[in-house]
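The values are calculated or read from the model by the stated rules, or taken from the named source; none is laboratory data. Bear in mind that the values here come from a model prediction, so they are computed numbers and not experimental data. Side chains included, ligands, DNA and RNA excluded: accessible areas come from the protein's heavy atoms. Shrake-Rupley method; radii C 1.70, N 1.55, O 1.52, S 1.80 Å.
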Amino acid sequence: MKIGNYILISLLLLAVLHLILEFMHMIIIKKWKTIIQNESDYWVWGIFYFNPDDSRIIVPKRIEWLGWTLNFAQPISVVIIGGILFFISLIALIK
């Protein structure tokens with residue numbers, strides 16, 4: 001397979017994952033009335049936390065029991081994401 005095919009498959013998988021998470025989010029809010037953090041000004045598209053005044057790198061998600069996410073206003077989070085993408089690309093190139 002060419003690298004373009006790997007990139008296309010990766011993008012499709014990310015899109016499907018995003019749709020699944022959005023669907024879960026809608027069901028959770030409607031059925032269980034889960035408490036959601038009210039800092040909506042700091043959530044870009046509802047999924048990316050971006051708060052330059054918050055010094056934390058890892059923060060709880062809007063629905064806390066769904067896990068943790070990165071504060072994308074902190075430069076180290078871009079380095080972390082870049083490292084993960086580099087590692088995935090390296091594995092794809094080796095195979």
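The table below gives the values:
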quantity: Gain upon complete extension [Ile81, Leu14; 0.36 nm per residue less C-alpha separation]; calculated: 22.7 nm
quantity: Surface accessible to a 1.4 Å probe, per residue, for the residues of the stretch 36-95, Å²; calculated: 73 Å²
